Amino acid sequence: MAARPEELRLLEALLFASNEPLDQAALGKRMPDGVNVKEALAQLQADYALRGVNLVRIGTKWSFRTANDLSWLMTRESTETRRLSRAAIEVLAIIAYHQPVTRAEIEDIRGVVTSKGTLDVLLETGWIRPRGRRKTPGRPLTFGTTETFLSQFSLEALGDLPGLEELKGTGLLDSRLPSGFSVPAPSDDPALREDEDPLEPGDLDLSLAPAVEPEKPGEE
């Protein structure tokens with residue numbers, strides 16, 4: 001067999017040994033001078049495309065994962081599945097498409113009050129996170145999705161979320177929508193926007209409710 005390029009072997013070893021995804025910059029620091037890490041990752045991804053494990057990009061990071069068509073092999077190791085409530089699914093979708101978004105903005109879009117427990121559940125899953133504080137009276141927290149969210153739903157980037165026509169095709173949206181209706185195009189930019197302030201000490205230590213609070217009458 002022909003010898004493989006040394007940079008591919010090095011990348012392969014680093015990614016296999018890591019218990020979490022690694023970004024290109026972190027990998028580049030371990031590579032010899034002159035190695036084009038971006039091209040090497042693309043080559044390694046192609047090498048593993050038809051194998052039992054694939055090299056996948058999650059946001060800006062890379063990781064080896066079981067090939068999607070073999071995921072059934074892992075079912076014996078699955079833990080108890082917790083189904084999200086309809087309210088939690090709606091809130092997650094709003095955050096994914098409208099981020100950064102505050103709790104008040106979520107409630108305005110849904111048209112109902114959102115219980116604290118709903119956000120707690122999504123924070124506990126690691127699918128959403130506090131991003132910053134809105135520069136408005138009360139300085140409410142803004143929320144966005146995480147790399148764990150991308151990994152859970154097999155998304156390479158937020159831009160891979162289904163658009164208007166895809167949502168219609170799956171039946172998740174009525175084909176007879178109001179004129180001018182659109183689905184926002186979410187941004188993967190993690191940087192705070194002009195209307196956001198950085199988080200304050202303690203903002204990441206949000207207490208999670210021990211149980212999901214029932215939503216108030218009239219909520220869905």
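Among the numbered criteria (1) out of contact with any Phe, Trp or Tyr (no Cβ under 9 Å at 6 or more places or on another chain); (2) closer than 26 Å to S18 by Cα; (3) surrounded by 16 or more Cβ atoms within 10 Å (Cβ to Cβ); (4) at pLDDT 90 or above, which single criterion is violated by W127?
(1)
Conditions (1) surrounded by fewer than 16 Cβ atoms within 10 Å (Cβ to Cβ); (2) of a type in the set (V, I, T); (3) within 20 Å of the chain's Cα centre (by Cα), marked per residue:
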{"residue": "E12", "(1), (2), (3)": "no, no, no"}
{"residue": "N19", "(1), (2), (3)": "yes, no, yes"}
{"residue": "L22", "(1), (2), (3)": "no, no, yes"}
{"residue": "L55", "(1), (2), (3)": "no, no, yes"}
{"residue": "L70", "(1), (2), (3)": "yes, no, no"}
{"residue": "R103", "(1), (2), (3)": "no, no, yes"}
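Is it the case, given these coordinates, that V91 is open to solvent by less than 40 Å² (accessible area, probe 1.4 Å), among the aliphatic types (A, V, I, L, M) and in a loop (DSSP other than H, G, I, E, B)?
no
Just checking, which of G34, G28, G59 is over 21 Å from D160 (Cβ atoms), of a type outside the set (D, E, K, R) and open to solvent by less than 50 Å² (accessible area, probe 1.4 Å)?
It is G28.
If you check R139 against the conditions, is it more than 18 Å from A88 (Cα to Cα), at pLDDT 90 or above and touching a Pro at 6+ places or on another chain (Cβ under 6 Å)?
Judged against the criteria, R139 is not a match.
The values are calculated or read from the model by the stated rules, or taken from the named source; none is laboratory data. The model shown is predicted, which means the values in this text are computed figures rather than measured ones. Because the Cβ atoms are built from the backbone with ideal geometry, glycine has one as well, and the counts that use them run over all protein chains shown. Accessible surface areas use protein heavy atoms only, side chains included; no ligands, DNA or RNA. Shrake-Rupley method; radii C 1.70, N 1.55, O 1.52, S 1.80 Å.
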